[in-house]
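Here is the structure we will look at.
The values are calculated or read from the model by the stated rules, or taken from the named source; none is laboratory data. It should be emphasised that the depicted structure is a prediction, and the values quoted were computed from it without experimental measurement. Here the Cβ positions follow ideal geometry from the backbone for every residue, glycine too, while neighbour counts run over all protein chains shown. Ligands, DNA and RNA are excluded from the accessible area calculation, which covers all protein heavy atoms including side chains. Shrake-Rupley method; radii C 1.70, N 1.55, O 1.52, S 1.80 Å.
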Amino acid sequence: MSLSDPLGDMLTRIRNGQHARMSVVVSPASKLRINVLEVLKREGFIRGWSEEELRPGIKNLKIELKYNEGEPVIKQIARVSKPGRRVYSKIADLPRFYNGLGLSILSTPRGVMSDNEARAANVGGEVLCRVF
């Protein structure tokens with residue numbers, strides 16, 4: 001079965017895993033997913049992730065979810081740019097999410113980065129998702 005939105009699938013797995021208080025969720029691997037997970041790890045929303053090879057050419061990502069005193073660190077995670085409607089933003093037009101407490105993840109010409117990193121690099125791009 002093919003997925004029309006692989007990144008949206010991974011975000012849903014994370015959301016459902018945190019709702020069910022799971023410590024680890026598994027998702028198929030791709031370069032975009034790995035880059036998004038790196039941003040989430042850098043910003044402190046997940047503990048970490050690891051890659052495991054099922055068979056040659058097929059890999060899975062094991063994502064370690066993070067909790068603070070029994071409550072999930074990720075309160076809200078939502079896909080913004082979808083396959084049917086891509087959302088692009090100039091860096092000047094990128095709004096602050098939850099007054100700077102939230103995080104937008106962007107795909108820029110310099111790679112996948114958080115909105116704070118994009119502001120520092122002065123580049124805009126496709127708004128992939130928002131995390132709070």
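Just so you know, in segment 1-43 the residues that are in contact with a Lys or Arg (Cβ under 8 Å, 6 or more places away or on another chain) and open to solvent by 20 Å² or more (accessible area, probe 1.4 Å) include one that is nearest to Leu103 (Cα to Cα), and it is Lys41.
Taking the stated definitions as given, is Met22 of a type in the set (A, V, I, L, M, F, W, C) and out of contact with any helix residue (DSSP H, G or I) (no Cβ under 6 Å at 6 or more places or on another chain)? Here the answer is yes, as Met22 does meet what is asked. Restrict the check to segment 56-68 and report whether at least one residue is surrounded by 12 or more Cβ atoms within 10 Å (Cβ to Cβ) and polar (S, T, N, Q). Scanning segment 56-68 turns up at least one residue that is surrounded by 12 or more Cβ atoms within 10 Å (Cβ to Cβ) and polar (S, T, N, Q). Between Gly70, Gly84, Gly111, the distinction of being small (Gly, Ala, Ser) and touching a helix residue (DSSP H, G or I) at 6+ places or on another chain (Cβ under 7 Å) belongs to Gly111 only. Can you name the residue in segment 100-112 that is at pLDDT 95 or above and open to solvent by 20 Å² or more (accessible area, probe 1.4 Å) and, of all such residues, is farthest from Gly84 (Cα to Cα)? Restricting to residues being at pLDDT 95 or above and open to solvent by 20 Å² or more (accessible area, probe 1.4 Å), the top hit is Arg110. Selection of segment 77-94 for residues being more than 12 Å from Asp5 (Cβ to Cβ) and either part of a strand (DSSP E or B) or not aliphatic (A, V, I, L, M) (or both) yields Ile77, Ala78, Tyr88, Ser89, Lys90, Asp93.
Among the residues of segment 111-126, the ones that are touching a Phe, Trp or Tyr at 6+ places or on another chain (Cβ under 8 Å), over 17 Å from Lys31 (Cα atoms) and either touching a residue at least 24 places away in the same chain (Cβ under 8 Å) or in a strand (DSSP E or B) (or both) come to 2 in all. Within segment 49-69, does at least one residue satisfy the condition of being under 15 Å from Arg130 (Cα atoms) and outside any strand (DSSP E or B)? No: zero hits.
Screening Ile74 on (1) surrounded by 16 or more Cβ atoms within 10 Å (Cβ to Cβ); (2) assigned to a helix (DSSP H, G or I) shows it passes everything except condition (2).
Exactly one residue out of Leu103, Leu32 is touching a Pro at 6+ places or on another chain (Cβ under 9 Å), under 22 Å from Glu126 (Cα atoms) and not small (Gly, Ala, Ser), and it is Leu32. Which of the residues belonging to segment 77-99 are closer than 19 Å to Leu32 by Cα, open to solvent by 80 Å² or more (accessible area, probe 1.4 Å) and touching a residue at least 12 places away in the same chain (Cβ under 8 Å)? Passing the criteria: Lys82, Arg86, Tyr88.
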